[in-house]
Amino acid sequence: MEDKDQLVQQIAQNIRAIRMSRQLTQKQVAKGMGVHESLYVRLEKGTERTSIIIIYKAAQFFGVDIDEIV
């Protein structure tokens, strides 16, 4: 369980860092990913466990490899 929680927090930190480096709002990212803003906010806070599909959408939106998110 601890490893999963660490992974969720790592994903949250990585997507937050990428978003902030590009000076985007959470709303802009959520819209670009095609997800509800509240889902994206929970993902970025590390309170949402997510699927590979959402991670893939984030990678596509940011134009990065999945490795940079995970």
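The values are calculated or read from the model by the stated rules, or taken from the named source; none is laboratory data. These numbers come from a predicted model, not from an experiment. Note that we place each Cβ from the backbone using ideal geometry, even for glycine, and neighbour counts take in every protein chain shown. Heads up: the accessible areas ignore ligands, DNA and RNA and are worked out on the full protein's heavy atoms, side chains in. Shrake-Rupley method; radii C 1.70, N 1.55, O 1.52, S 1.80 Å.
Computed quantities for the displayed model
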item	result
Selection within region 12-32 - assigned to a loop (DSSP other than H, G, I, E, B) and aliphatic (A, V, I, L, M)	LEU24
First in region 47-69 and over 18 Å from MET20 (Cα atoms) and modelled with pLDDT of 95 or more, second anywhere and open to solvent by 50 Å² or more (accessible area, probe 1.4 Å) and part of a helix (DSSP H, G or I), Cβ under 8 Å, 6 or more apart	TYR56/ILE66
Region 1-17: number of residues that are loosely packed, with under 15 Cβ neighbours inside 10 Å and within 11 Å of the chain's Cα centre (by Cα)	4
Test: residue in region 49-57 that is open to solvent by 90 Å² or more (accessible area, probe 1.4 Å) and not in a helix (DSSP H, G or I)	yes
Criterion: open to solvent by less than 100 Å² (accessible area, probe 1.4 Å) and either modelled with pLDDT under 95 or not in a helix (DSSP H, G or I) (or both) - qualifying residue of VAL41, VAL35	VAL35
Odd one out for GLY32 among (1) free of Cβ contacts under 8 Å to residues at least 60 places away in the same chain; (2) within 10 Å of the chain's Cα centre (by Cα)	(2)
Test: residue in region 18-31 that is open to solvent by 30 Å² or more (accessible area, probe 1.4 Å), within 19 Å of LYS4 (Cα to Cα), of a type in the set (A, V, I, L, M) and out of contact with any Phe, Trp or Tyr (no Cβ under 8 Å at 6 or more places or on another chain)	no
